[in-house]
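> Once you've had a glance at the structure underneath, I'll fire off some questions.
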RNA sequence: CCGGGUGUGGCGCAGUUGGUAGCGUGCUUGACUGGGGGUCAAGAGGCCGUGGGUUCAAGUCCCGCCACUCGGACCA
């Protein structure tokens, strides 16, 4: 119990204050630090290593599907941003402007990109001439700036890192397929690699991206029942093409406008990992992206042979089996246990004199603290199995939690009461009118998260106005 | 942007009616230890967020600003 008490001292318990728990984790697990720029953070090595693994994994998937990486300018001239009406209306309130070069005022001010549709479009208008130039499947890894009023580490910062894919296609069908495909990539990445169950769906018109014809999303439920949009994919039709005058000569020798998509996933997903898997002992990382997948902790390390054995295991396992580190610092074992739990390392391998005698070691899972005595010559097979077991354990736990915190309702009173008393997702029918979304926002404090692909028929009428329902919507409070 | 809270060694905090800036932890050095945040000893470390004001004297009182944080509004 003394041990338990210290853990609670280290970070605020989720139950006591979820927001504070989150803040404690990002700091104590050394993912980020605050900077002197309001709302901007320093991503520390451990946090960045996590992001690099996410990047590598996603980047491989993108390239597998034929996408290429590019680098666009950081700045967007005001006139360029303004070419697409809805787009500029959506983003103008939160862009940062550069007005001077050195001490000279600029002729035209430049905004720091909040997203790069306009830059891609300008470029595409110059390089797309023929159907033979299509599709264009570009992606860029970069950071963007949105002047947010309220910021939180990873979840909403003024500057954030992401990837933005921007593609151009010959036909509507092809572009819609791309939109769909990339949403699928995100969903599979979240579920397989991050062990975060997501709901695929479409955003309502009021929630869709500025300038898009349709926005698709994957929504995840956090520990506190709030929703986190974890990735989005947009279908633009030919709206931007027309606004930016992008035309190509088609197979039939006529001039046509190409169809466009964009899709993005940001460092916000790190917040999603924390709030989906973390517990009161700290971070819990899904094995696929954990910077350290297994930590070797020597016990009684000053005793003859212990460190040698630990180093031997490090050389034998690291990179060949998984990402391994050895902590041979002079801290006590208890301190190290707590430390690597805080950092969310999926597996811990303990090796001490008693183990060496029996040619075995102890492996402990981070997600449930289950302990295994493993013969040293079985490590190559057992470690991958255990990493997989951690991933599956995390996923199942998250899925069960989401299911147990999702409620179906058919009346407005029921919805209000549920929203009031039970954190989580609410499934309810909707007529398609924005007025009903507004009403539910005002009366119950929930917004539409998405119109899920997996539709259910709960009733014939809109939960809000009673008119005929068009679709089932997931409602909830969101980050 | 509105409302609440907080700014004092790296971190967490105390600091009374204004009068010599403290504690815990961490850090450094050494010794003993080591299977859930070990023990002892000796050290280093501070423009009290910032700018004004009141006062013989401000960490403390007054005003402004900034940052962080919580809630809300806004928002990909």
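The values are calculated or read from the model by the stated rules, or taken from the named source; none is laboratory data. Nothing here was measured: the structure is a model prediction, and the numbers come from that model. Cβ sites come from the backbone with ideal geometry, for glycine too, and all protein chains shown count toward neighbours.
> Go through (1) touching a helix residue (DSSP H, G or I) at 6+ places or on another chain (Cβ under 9 Å); (2) under 26 Å from residue A:288 (Cα atoms) for residue A:15 and report which single condition fails.
(2)
> Residue A:446: touching a helix residue (DSSP H, G or I) at 6+ places or on another chain (Cβ under 8 Å) and closer than 23 Å to residue A:199 by Cβ, yes or no? Write out each step before concluding.
Details: touching a helix residue (DSSP H, G or I) at 6+ places or on another chain (Cβ under 8 Å): yes; closer than 23 Å to residue A:199 by Cβ: yes.
The answer is yes for residue A:446.
> Out of (1) closer than 30 Å to residue A:273 by Cα; (2) crowded, with 16+ Cβ neighbours inside 10 Å, the odd one out for residue A:134 is which?
Among (1) closer than 30 Å to residue A:273 by Cα; (2) crowded, with 16+ Cβ neighbours inside 10 Å, the lone unmet condition for residue A:134 is (1).
> For residues that are touching a helix residue (DSSP H, G or I) at 6+ places or on another chain (Cβ under 9 Å) and surrounded by 15 or more Cβ atoms within 10 Å (Cβ to Cβ), scanning just segment A:303-322, find the one that is nearest to residue A:47 (Cα to Cα).
Narrowing segment A:303-322 to residues touching a helix residue (DSSP H, G or I) at 6+ places or on another chain (Cβ under 9 Å): A:303-306, A:309, A:313, A:316-317, A:320-322.
Now narrow it down to the ones that are surrounded by 15 or more Cβ atoms within 10 Å (Cβ to Cβ): A:306, A:309, A:313, A:317, A:321-322.
On the way: A:306: 31, A:309: 30, A:313: 26, A:317: 23, A:321: 22, A:322: 19 Å.
The selected residue is A:322.
> Test each condition in (1) touching a strand residue (DSSP E or B) at 6+ places or on another chain (Cβ under 8 Å); (2) at pLDDT 95 or above for residue A:108 and report the one that comes out false.
The one condition residue A:108 does not meet is (2).
> Tell me, which strands (runs of 3 or more DSSP E) wholly within segment A:189-237 include 3 or more residues that are at pLDDT below 95? Lay out the reasoning, then the answer.
Numbers: elements: A:199-202, A:214-221, A:227-237.
Filter on segment A:189-237 gives an empty set.
> Looking only at segment A:142-188, filter to residues that are part of a strand (DSSP E or B) and more than 16 Å from RNA strand B (Cβ to nearest atom); which one of those is nearest to residue A:222 (Cα to Cα)? Walk me through it before giving the result.
Filtering segment A:142-188 down to residues part of a strand (DSSP E or B) leaves A:142-145, A:152, A:156, A:159-169.
Add one more test, that the residue is more than 16 Å from RNA strand B (Cβ to nearest atom), and what stays is A:167-169.
Details: A:167: 31, A:168: 34, A:169: 36 Å.
Step by step, filter segment A:142-188, then rank; the result is A:167.
> Give segment A:204-223 a look and list any residue that's within 17 Å of the chain's Cα centre (by Cα) and more than 7 Å from RNA strand B (Cβ to nearest atom), or say none.
A:216, A:218, A:219, A:220, A:221, A:222, A:223 - these are the residues of segment A:204-223 that are within 17 Å of the chain's Cα centre (by Cα) and more than 7 Å from RNA strand B (Cβ to nearest atom).
> Cβ contacts < 6 Å: first residue under 17 Å from residue A:274 (Cα atoms) and touching a residue at least 12 places away in the same chain (Cβ under 8 Å), restricted to segment A:339-366; second residue assigned to a loop (DSSP other than H, G, I, E, B) and near RNA strand B (Cβ under 8 Å from one of its atoms), any location; separation 6+ or different chain. Result?
Taking only residues 6 or more apart or on different chains, the pairs are A:341/A:281.
> Considering only segment A:323-349, how many residues are near RNA strand B (Cβ under 7 Å from one of its atoms) and surrounded by fewer than 16 Cβ atoms within 10 Å (Cβ to Cβ)?
Total satisfying the criteria: 6.
> Looking at segment A:28-91, what helices (runs of 4 or more DSSP H) fall wholly within it and have at least 3 residues that are farther than 24 Å from residue A:154 by Cα? Before you say what the answer is, go through the steps one by one.
Details: elements: A:45-64, A:78-81, A:85-91.
Fully inside segment A:28-91 and qualifying: A:78-81, A:85-91.
> Restricting attention to segment A:449-479, report how many residues are in contact with a helix residue (DSSP H, G or I) (Cβ under 6 Å, 6 or more places away or on another chain) and more than 15 Å from residue A:409 (Cβ to Cβ).
Count: 0.
> Collect the residues in segment A:350-368 that are crowded, with 17+ Cβ neighbours inside 10 Å, under 15 Å from residue A:308 (Cα atoms) and more than 7 Å from RNA strand B (Cβ to nearest atom), keeping them in residue-number order.
The answer is A:356, A:360.
> Now for a different question. If I filter segment A:369-385 down to residues being away from RNA strand B (no atom under 15 Å from the Cβ) and touching a helix residue (DSSP H, G or I) at 6+ places or on another chain (Cβ under 9 Å), which single residue comes out as farthest from residue A:348 (Cα to Cα)?
A:380
> Right, here's the next one. Can you report the number of residues in segment A:286-312 which are within 22 Å of the chain's Cα centre (by Cα) and closer than 30 Å to residue A:353 by Cβ? Walk me through it before giving the result.
The first filter runs over segment A:286-312 and keeps only residues within 22 Å of the chain's Cα centre (by Cα), leaving A:286-293.
Narrowing further to those that are closer than 30 Å to residue A:353 by Cβ: A:287, A:290-293.
Of the residues in that region, 5 qualify.
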